[in-house]
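This report refers to the structure that appears directly beneath it.
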Amino acid sequence: MTTVGKVIIQGLTKEGGKFRPSDWAERLCGAVASYGPGRRIIFHPNVKLASHQGVKCVVIDASLEKDDEMLFEFLSNFADENNLQILRADSFPIEG
């Protein structure tokens with residue numbers, strides 16, 4: 001089990017199609033957020049919205065795999081159930 005780097009869920013299916021709905025990444029990040037004073041949304045510090053080469057992504061700090069196994073599994077299962085591409089990288093944005 002690796003805990004270094006980033007796990008990136010891309011808004012592309014394994015066949016290369018664009019994943020719908022178009023706001024899937026915002027919804028996924030919102031699903032793991034909490035609410036603070038005044039009902040302000042507080043996004044999880046290890047789960048971020050991003051874009052890579054024009055494709056929406058959810059970038060997960062790989063330490064979540066060890067620190068919050070259930071949350072990591074929830075996010076991974078979402079990707080698997082929706083046939084989404086998952087990348088592991090040392091950093092984001094991906095360099096190379």
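Every read-out reported here was derived from the displayed coordinates using simple, explicitly stated rules and does not represent laboratory data. What you see is a predicted model; the values in this text were computed from it and never measured. Cβ coordinates were reconstructed from backbone atoms using ideal geometry, including for glycine residues, and neighbour counts include every protein chain displayed.
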(message) Here are the criteria: (1) surrounded by 18 or more Cβ atoms within 10 Å (Cβ to Cβ); (2) in a loop (DSSP other than H, G, I, E, B); (3) of a type in the set (Gly, Ala, Ser). Tell me which single one Ala79 does not satisfy.
(response) (2)
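Being of a type outside the set (Gly, Ala, Ser), under 17 Å from Phe74 (Cβ atoms) and surrounded by 10 or more Cβ atoms within 10 Å (Cβ to Cβ) is the filter here; which residues of the range 28-56 pass it?
Within the range 28-56, Leu28, Cys29, Val32, Phe43, His44, Asn46, Val47, Lys48, Leu49 qualify.
For the range 52-76, what are the residues that are part of a loop (DSSP other than H, G, I, E, B) and either free of Cβ contacts under 8 Å to residues at least 60 places away in the same chain or among the charged types (D, E, K, R) (or both)?
The answer is Gln53, Gly54, Asp68.
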(message) I need the full set of residues from the range 52-86 which are over 19 Å from Ser22 (Cα atoms), among the hydrophobic types (A, V, I, L, M, F, W, C) and over 10 Å from the mean Cα position of the chain (by Cα), in order please.
(response) Ala62, Leu64, Met70, Leu71, Phe74
(message) With the requirement that a residue be touching a residue at least 40 places away in the same chain (Cβ under 8 Å), charged (D, E, K, R) and part of a strand (DSSP E or B), what does the range 1-44 give you?
(response) Lys6
